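Worksheet for the structure shown next.
Only the coordinates and a few stated rules stand behind these numbers; no lab work does. These numbers were taken from a predicted model, which means no experiment stands behind them. With ideal geometry, Cβ positions are generated from the backbone for all residues, glycine too; neighbour counts draw on all protein chains shown.
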Amino acid sequence: MVSSRSNRDAGVAEAQALLKMGNSRLVSLFGSIDDFGATFVHYLVDVDSREYRHFCEQVGHAIPSAVSITPAAAWYERELHDLYGVAIEGHPNLQPLVFHEDWPDHLHPRLKGTVRGEYRFLKVQGEGVCEVPVGPVHAGIIEPGHFRFSVVGDTVLHLELRHFYTHKGIEARFEGIDVSNGVMLAESVSGDNCFAHAVAYSQAVENAFGLSVPPRGRALRLIGLELERMLAHIADVGALCGDVAFVVPAAYTARLKESLLLASASLVGTRYWRSLCRPGGMVRNITDEKLRELGTRVAETATEFAELAKMVLETPSVLNRFESTGVLKREVARALGVVGPAARASGLRLDVRRDHPYGRYRTLALHVPHFNSGDVLGRARIRIEEVSVSAHLIADAIREIPSGAIAAAVPWQSSAQGFSAVESPRGELLYFLHIREGRIQRCHIKSPSFQNWPALPMSMPGNIIADFPLINKSFNLSYSGCDR
Amino acid sequence: MIFDVAARSLAGKQVLIPVEELLGNCSGSRMPEVDPAFLNFESARDAVDSCPTSALRFETQENGRYLVLDYGDCTGCGNCINAGHGALRPAARLVPCGVARPALARRWNVDTGEELAPEIAEADRAAEQIRALLGRALNIRQVDAGSCNGCEAEISALTNPYYDLERFGIHFVASPKHADMLLVTGPVTRNMEGALRRTYEAMPSPGLVIAAGTCGCSGGIFAGSYAVAGSVSQVIPVDSYIPGCPPTPAMLLTGILQSLNRMTRKGGLGGAKE
């Protein structure tokens, strides 16, 4: 259910009034500029976990900050300030988010003004306090980002993030390209969740044009989305074991993940299901026979993983490290608008598949596991349970696979506006599109990682710095997805 | 518990892929190649028209018209395979990996279907010296200079039990100061440009640099963005290139070994099995 309010005078005030009510959640906040150079601010708000509402207002100079209403607005407003030059009144910390010190002064993506890149970290003072800077280049094969710890001995007092090292200007990259070419860009926003991005983008086009994907196309998408979730969760559980030096399950899960990737490569022709989804449906069919073969491999992997995960969770040395580590409290998670597995491990039962169902999920009764502990163990258990749920969803979809077309015709040259969300492995992922005569005017991506990164530092104080890799991994957020 | 996990793992099947099955294999990469049997001007033109990047283009030489496929620009979107009337098909083997930038492009004569022999870049003397020094051990420092993390997922897979990179004496290390090779991914973003330069400077000499992934090779679909400084070679010197969006583990392995000229011992790229 989607409703849209485009109020040129009071959209911001209306959105903020709605956010003051307890049953609403800030989904996204972003800017756009029209052909005449007028700047607009957009709010997307989720009401009652049932309805997305869109508010839009043309802004002159400043808008009031929403941070005192919902801290979830803090990063969005900083990004809005950086990329659209919108002044934010009353923001507690309006430091640059996107631009760094080395950014060329004259090179603003949309405005004529200069770029401000200087940044000051919070200085924690007191006896024995020292700072530990980490990154942007890290020790493992991971993405770049900077973490600044203030510690006393091993204990972390404060953690501050400095990200956007992988900012590629992707939203601006969408502007002016053909709708049909957008999938390729969407797949490269966060490569490990490429299929979720491709589906979210395609659904936004379909919602804008009022298209309906044929049943077989919907089923194939569900299989791809749930397979991607299985891959991500299996790898995450393995990486958590690796971070507590339990290398056997780490290697074991790496084998399970690779077996599914190889199955996709041989049966579908692509390891991560890239180049398979398009607006209207799917690019090419997968035969029933190949789907059954894939289903067999998925079922085998899920069974093996469940047995392995049970053994891992019964190992005292694992529990000792996972339990009560990196606790994200429910109130904090709610205040920061946290989504995905991290929300469900902190007692917030949010899942786009159930709350705002799309495609084949509209016809399903979905089991959404949740835990209240908010610690590394909770986030591990969420993933373990969800692997099993995903495997069942895939099995059902394959058993009941509809025949017929896989894609609907798309009016490629039309104009429209629309948005759509999916539950990616990291949580709520939303694309907002404004299309004119078949070309994209504005594309905004609400990324679950952008939403969740500010929650990570809130789970660090009181933990030892040596547990940071474990806690970070338990959130497993995408840097590229956040930075875009 | 802990021993059950170990026992279960040991009882599992052996999955290591033999090296001869890996080298030159690009299954699942979505990279296209030309099927000469279906190549003609019309099919080539439709394929070129469907290419959203500049990977496919025509080139006129003295002895005819050629269809150029530059893997350094190819994202594997599959448009050309759908539009090319059979002239392009998914490549299973022999996509160039671990070669100089010009050698990433292959050329087919549009009228005869014959492939032009690839340009062999003359090996750099410094690179040869490094290869001689490195012998059988190689330490790699991976640097993400702005990638979408698709390349990182595949590079991480190199250490899984199917590929087991360590069997070749190749290790990923935590610091550039321990590295013989930088494996760099991504279009280099403005925010990562300085960090990439500093990482390169921290690597002891002699050292090799590989640019991996289509973004690393050419900037890919992000070339020209306000937030992108350029491809890897526009920021630091690059010795060889591995295309792919993302390159599969087999392509990465082929590229790394090819960069070290180790594959000649097995008869060269794709020659091991024949």
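With neighbours defined as other Cβ atoms within 10 Å of a residue's Cβ, the residues A:ARG383, B:ARG89, B:ARG198 order from fewest to most as B:ARG198, B:ARG89, A:ARG383. With the simple model of a label 7 Å out from the Cα in the direction of the Cβ, A:ASN23 to A:THR303 spans 4.6 nm.
Given charges of +1 on the Cβ of Lys and Arg and -1 on the Cβ of Asp and Glu, with all other atoms neutral, how large is the dipole of segment A:110-249 about its Cα centre, in debye to the nearest 20? Could the numbers behind the result be given before it?
On the way: 13 positive and 16 negative charges, 101 e Å.
Result for segment A:110-249 is approximately 480 debye, rounded to the nearest 20.
About the Cα centre of segment B:125-266, what is the dipole size in debye to 20, counting +1 per Lys and Arg Cβ and -1 per Asp and Glu Cβ, all else neutral? Walk me through the intermediate numbers first.
Numbers: 12 positive and 10 negative charges, 77 e Å.
Computed about the Cα centre, the dipole is about 360 debye.
Counting pairwise Cα distances across segment B:125-266, what percent come out greater than 22 angstrom? When every Cα pair of segment B:125-266 is considered, 32 percent fall beyond 22 Å. Each of B:VAL19, B:GLY169, B:SER231 was scored by the projection of its Cα onto the charge dipole of chain B, and the greatest displacement toward the positive side belongs to B:GLY169; charges sit on the C-beta of Lys, Arg, Asp and Glu. Scanning chain A for long hydrophobic helices, with DSSP H runs required to stretch 27 angstrom or more by C-alpha along their axis and to average at least 0.0 on the Kyte-Doolittle scale, returns A:215-243, A:247-267, A:376-399.
Can you pull out the GluC sites (Glu not before Pro) in segment A:421-484 that DSSP calls coil and that have at most 14 other Cβ atoms within 10 Å?
Details: sites: A:GLU423, A:GLU428, A:GLU437; in loops: A:GLU437.
Hits after loop and neighbour filter: A:GLU437.
Semi-axes, largest first, in whole Å: what does sqrt of 5 times each Cα gyration tensor eigenvalue give for segment A:170-452? Mind dumping the intermediate values first?
Working: eigenvalues 206, 102, 49 Å².
In descending order the semi-axes read 32, 23, 16 Å.
Computed over segment B:214-258, the P(r) tail beyond 14 angstrom holds 51 percent of alpha carbon pairs. Debye sum, Cα scatterers, segment A:232-367, no solvent: what log₁₀ I/I(0) at q = 0.10, 0.11, 0.18, 0.22 1/Å? The Cα Debye sum returns log10 ratios of -0.49, -0.59, -1.25, -1.29.
A full extension of the chain between A:ALA408 and A:ASP178 corresponds to an added length of 81.0 nm, given 0.36 nm per residue minus the alpha carbon distance. For A:LYS20, the lysines whose Cα comes closer than 23 Å to its Cα, not counting residues fewer than 8 places off in the same chain, are A:LYS329, A:LYS446. Computed extension gain for A:GLU437 through A:THR296, at 0.36 nm per residue and net of the alpha carbon distance, reaches 46.3 nm.
For B:VAL173, the amide hydrogen comes within under 5 Å of the amide hydrogens of B:ILE140, B:ARG141, B:GLN142, counting only partners 5 or more places away or on other chains and with H modelled in the peptide plane.
Using the beta-carbon distance between A:LEU319 and A:ARG284 and R0 = 35 Å, what value does 1/(1 + (r/R0)^6) give for FRET efficiency, to the nearest 0.05?
On the way: r = 46 Å, r/R0 = 1.30.
Rounded to the nearest 0.05, the efficiency is 0.15.
Along each principal axis, taking the top coordinate minus the bottom one, the Cα set of segment A:345-484 gives 56, 40, 20 Å in descending order. Here is the list for segment B:1-57: trypsin sites (Lys or Arg not before Pro) lying in DSSP coil, each with at most 10 other C-beta atoms within 10 angstrom of its C-beta, are B:LYS13.
Peptide packing for B:235-241, A:40-46, A:185-191 was compared via the average number of neighbouring C-beta atoms within 10 Å per residue; ordered from the highest value, the list is A:185-191, A:40-46, B:235-241. Between the listed residues A:LEU267, A:ALA232, A:TYR358, the Cα displaced farthest toward the positive end of the dipole of the protein assembly as shown, a dipole computed from Cβ unit charges relative to the Cα centre, is found at A:TYR358.
Its convex hull of Cα atoms gives segment A:1-112 a direction-averaged projected area, equal to a quarter of the hull surface, of 7.4 nm².
What is the protein assembly as shown by shape, rounded, prolate or oblate, if you read a ≥ b ≥ c off the alpha carbon gyration tensor as root eigenvalues and call it rounded for a/c under 1.5, prolate for a/b larger than b/c, and oblate otherwise? The shape class here is rounded. Loop-resident chymotrypsin sites (Phe, Trp or Tyr not before Pro) (DSSP state other than H, G, I, E or B) in segment A:383-438 with no more than 16 further Cβ atoms inside 10 Å of their Cβ: A:TRP412. Largest GNM mean-square fluctuation across B:ILE242, B:ILE210, B:ILE221, computed for chain B with C-alpha springs under 10 Å, falls on B:ILE221. If each Cα of segment A:374-425 is one equal point scatterer, what is log10 of I(q)/I(0) from the Debye formula at q = 0.16 Å⁻¹? Once normalised to I(0) and log-transformed, intensities are -0.81. Starting from the alpha-carbon convex hull of segment A:129-283, give the projected area averaged over all orientations, in nm². Mean projected area for segment A:129-283: 11.9 nm², to one decimal. For segment A:194-279, a Kirkwood radius taken over Cα pairs fed into Stokes-Einstein (10 °C, viscosity 1.306 mPa s) yields D = 111 µm²/s.
Which value in nm describes the separation of the simple spin-label points at B:ASP4 and A:LEU107, placed 7 Å from the Cα toward the beta carbon? That separation, rounded to one decimal, is 5.6 nm.
Amide H contacts for B:ALA105 (H built 1.01 Å from N in the peptide plane; partners 5 or more residues away or on another chain; cut-off under 5 Å): B:TYR71.
Only Cα pairs under 8 Å and 6+ residues apart enter the sum, and on that basis the relative contact order of chain A stands at 18 percent. Using the beta-carbon distance between A:GLU51 and A:PHE121 and R0 = 30 Å, what value does 1/(1 + (r/R0)^6) give for FRET efficiency, to the nearest 0.05? Working from the Cβ atoms, E equals 0.15. Its Cα centre serving as origin, the protein assembly as shown has a Cβ charge dipole (Lys and Arg +1, Asp and Glu -1) of approximately 820 debye.
Of A:GLY126, A:VAL152, A:ALA250, which is farthest along the charge dipole of chain A in the positive direction, counting Lys and Arg as +1 and Asp and Glu as -1 at C-beta? The listed residue farthest towards the positive side: A:ALA250. Going from the residue with the fewest nearby Cβ atoms within 10 Å to the one with the most, A:ARG25, A:ARG284 rank A:ARG284, A:ARG25. Neighbouring Cβ atoms from other chains, within 10 Å of the Cβ of residues in A:338-350, number 0 on average. The equivalent ellipsoid of chain B has semi-axes of 31, 23, 19 Å, largest first, where each one is the square root of 5 times an eigenvalue of the Cα gyration tensor.
Label sites at A:ALA335 and A:VAL129, each approximated as a point 7 angstrom past Cα along Cα to Cβ, lie 1.9 nm apart. Per-residue Cβ neighbour counts within 10 Å put A:LYS112, A:LYS329, A:LYS473 in the sequence A:LYS112, A:LYS329, A:LYS473, beginning with the fewest.
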